[in-house]
1. Provide a single number: the residues in the stretch 297-337 that are assigned to a loop (DSSP other than H, G, I, E, B) and either open to solvent by 30 Å² or more (accessible area, probe 1.4 Å) or polar (S, T, N, Q) (or both).
2. So, in the stretch 174-195, how many residues would count as being crowded, with 16+ Cβ neighbours inside 10 Å and either of a type in the set (D, E, K, R) or in contact with a helix residue (DSSP H, G or I) (Cβ under 8 Å, 6 or more places away or on another chain) (or both)?
3. For the stretch 253-291, name all the residues that are part of a helix (DSSP H, G or I) and of a type in the set (V, I, T).
4. Suppose we keep only residues that are under 18 Å from Q452 (Cβ atoms) and assigned to a loop (DSSP other than H, G, I, E, B) within the stretch 472-521. Which one would you say is most open to solvent (accessible area, probe 1.4 Å)?
5. Say we look at the stretch 373-399 and pick out the residues that are more than 16 Å from V295 (Cα to Cα) and assigned to a loop (DSSP other than H, G, I, E, B); which of these is modelled with the lowest pLDDT?
6. Hey, could you check the stretch 306-333 for residues that are hydrophobic (A, V, I, L, M, F, W, C) and touching a strand residue (DSSP E or B) at 6+ places or on another chain (Cβ under 7 Å) and say which is nearest to S586 (Cα to Cα)?
7. Check whether at least one residue in the stretch 52-66 is in a helix (DSSP H, G or I), surrounded by 11 or more Cβ atoms within 10 Å (Cβ to Cβ) and at pLDDT 80 or above, and report yes or no.
8. Considering each of A405, A401, A417, A387 in turn, give the residue that is open to solvent by 10 Å² or more (accessible area, probe 1.4 Å) and of a type outside the set (S, T, Y).
Amino acid sequence: MPMPDNSNSPRRFIVDLEPVGRRIEVDPGTNLLDAAQKAGVDLVASCGGVGACGTCLVRIAHGSVTPVTLTEEAELSTDQIAAGYRLACQTEPLSDVRLDIPPESLTAAQQMQVDGQEGEVVLDPAVVAVDLVLEKPNLADLRSDLARVDEALARQGYGPLRGSLRLITQLSNFLRRSGWQTRIAIRPEQGASDLVAVLPYGAPLIGLAMDLGSTKLAFYFVDLGSGATLARLGVMNPMIAYGEDVVSRIAFANREAGNGLLLQARLVDAINQAAADFCSEHHLTPEHIVDVVAVGNTAMHHLFAGLPVEQLGAAPYVPVVSEPIRFDAAEIGLSFAPGAQVFMPANIAGYVGADHVSALLATQSYAADSTTLVVDIGTNTEISLTAGGQVYSCSCASGPAFEGAHIHDGMRAAPGAVDRVRIEGGQVSLTTIGGAPPVGICGSGILNAVAQMLDAGILDARGVLQPVNGRVRARGRQSEFILVPAEQSGHGREIIVTRKDVNEIQLAKGAIRAGIDLLLREAGIPAESIERFIVAGAFGTHLDLNSALRVGMFPSVPLERFHQVGNAAGVGAKEMLISLARRKESARLIDGVKYIELTTHPDFTPAFVEAMYFEP
């Protein structure tokens, strides 16, 4: 927040640009398009900002702004205005504001990590395709449509058909239109065949695996006939507009009746849009999507499914459901095949969710003979240690600093974000995403910068900046380091690293290290016993391991023992999508997990305080 201003000048306002993660302080009278441009966030503005094109669309998620102009009334629909949408060039803040920027309003997409290391899985999906070629009824053959279908299914080893009246009607009509040839999607269960979809003969069946992260959503569209991934897609989680982390979203959901359903609707809309885009590109319809597997942390799991989250916001943080659940996709508004269902694997605890179960499944770490540590880094970081046949798990609130949030010039991984820093002989060199002029610094960049500042003596073990470099200067009671001078940046302003930024990294890395140390203590083994150190998650993919070791986020383990596996949770979701055996395995594995609640652990606070210091 801005420092109090004792002069007669009007108060300045903070504009928070989400989902990019940039913040800027502006003077009254500055429109939101200018604010975004000054922050290095390029909005589409085809007319140059005169209000003639309607392309700089933003949504006011929080705060007060100037009234709707006549130009906006002409360009925007009544529904858009009612939903809080405005044209950035026509709107000025009257208080601190948070903007929700639609993807189409951004000129450059953010960097999304959705890939992960995949293993071999035997294809055994829950929904299968059956091609039907039936004899046309005649006066000598008066069997019902359903009897004909059941006979054809029996010849292929499947039980009789059952389904909704809507689907049975659709099947009957389609058979007559298609010359008695069709492909049906069925879910064989308990001696029967649940009808999921009626499609043209030979049409592909598509499954959707989803990792519902706090910040990013990862989608995997899979051909269920072959197991091949047809498309991988990453988009920002629209819930960011209502809170950067799950704790703030839980608070928002509990603030007013209907807020939880609002969060669910925003998420479902994003999923439906991603599916529609995929289907359009591949000349399919959403009805080709016949099965869904979704994973996420416990809060995201509950918000997506429409379950209450009030009890997750206070001790003892008990989930509504820990067991695997399955429900009709249409029940929550997903526009897929009429009989499509959503499968969500088990949660371990209130803050160790189905996404971590999925990661354990994908890495097979829970069944490892070797001592294995899995760290899935995110706004909420889940950690599991497998040692001596026992799995120990915990969760730590690492916060959004690794996403570039709460950092003075922080931003998410978009073009122009500093992602690598090197300080040598007093000189600073750096790289940015996309090679664009620097406009901010992302999570991997700030971690790398802190490590380099430690090596250069600019930071001491407490995280205090030292005046050993001409780029270090005092501002009030705090010091800051000039990472990029104004003349070298992409927006004409300095990019700095402040003492508060360093503290945010200390808090994040301290929480992770304390979690690791306590699991090792529970298992009764030293850090050097770790034989495989698996780093998962989007941030973990871009993490510089040397920097993580330098700041003490991880214990000193030889580099060759580290494995950066990408989005393991997404990979595990895909495995469960194409394999019923994997779904059963995910349900069994949680029985061998011993969950450690850090918030009540007597050793956590001293371990956390110790871990906040930087190691020599």
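The values are calculated or read from the model by the stated rules, or taken from the named source; none is laboratory data. Computed from a predicted model, the values in this text were never measured in an experiment. Please note: Cβ atoms are built from the backbone with ideal geometry, for glycine as well, and neighbour counts cover all protein chains shown. Ligands, DNA and RNA are excluded from the accessible area calculation, which covers all protein heavy atoms including side chains. Shrake-Rupley method; radii C 1.70, N 1.55, O 1.52, S 1.80 Å.
1. At the first step, the residues of the stretch 297-337 found to be assigned to a loop (DSSP other than H, G, I, E, B) are 297, 306-309, 314-324, 333-337.
Narrowing the set further to residues that are either open to solvent by 30 Å² or more (accessible area, probe 1.4 Å) or polar (S, T, N, Q) (or both) leaves 297, 306-308, 314-318, 320, 322-324, 333, 335.
Selection size over the stretch 297-337: 15.
2. Matching residues across the stretch 174-195 total 9.
3. Matches in the stretch 253-291: V268, I271.
4. E494
5. Across the stretch 373-399, the extreme among qualifying residues is G399.
6. Going residue by residue through the stretch 306-333, those that are hydrophobic (A, V, I, L, M, F, W, C) are 307, 309, 312, 314-315, 318, 320-321, 325, 327, 329-330, 332.
Now narrow it down to the ones that are touching a strand residue (DSSP E or B) at 6+ places or on another chain (Cβ under 7 Å): 325, 327, 329.
Values: I325: 12, F327: 18, A329: 21 Å.
Filtering the stretch 306-333 for residues that are hydrophobic (A, V, I, L, M, F, W, C) and touching a strand residue (DSSP E or B) at 6+ places or on another chain (Cβ under 7 Å), the one nearest to S586 (Cα to Cα) comes out as I325.
7. Scanning the stretch 52-66 turns up no residue that is in a helix (DSSP H, G or I), surrounded by 11 or more Cβ atoms within 10 Å (Cβ to Cβ) and at pLDDT 80 or above.
8. Details: A405 fails: open to solvent by 10 Å² or more (accessible area, probe 1.4 Å); A401 fails: open to solvent by 10 Å² or more (accessible area, probe 1.4 Å); A417 fails: open to solvent by 10 Å² or more (accessible area, probe 1.4 Å).
So the residue among A405, A401, A417, A387 that is open to solvent by 10 Å² or more (accessible area, probe 1.4 Å) and of a type outside the set (S, T, Y) is A387.
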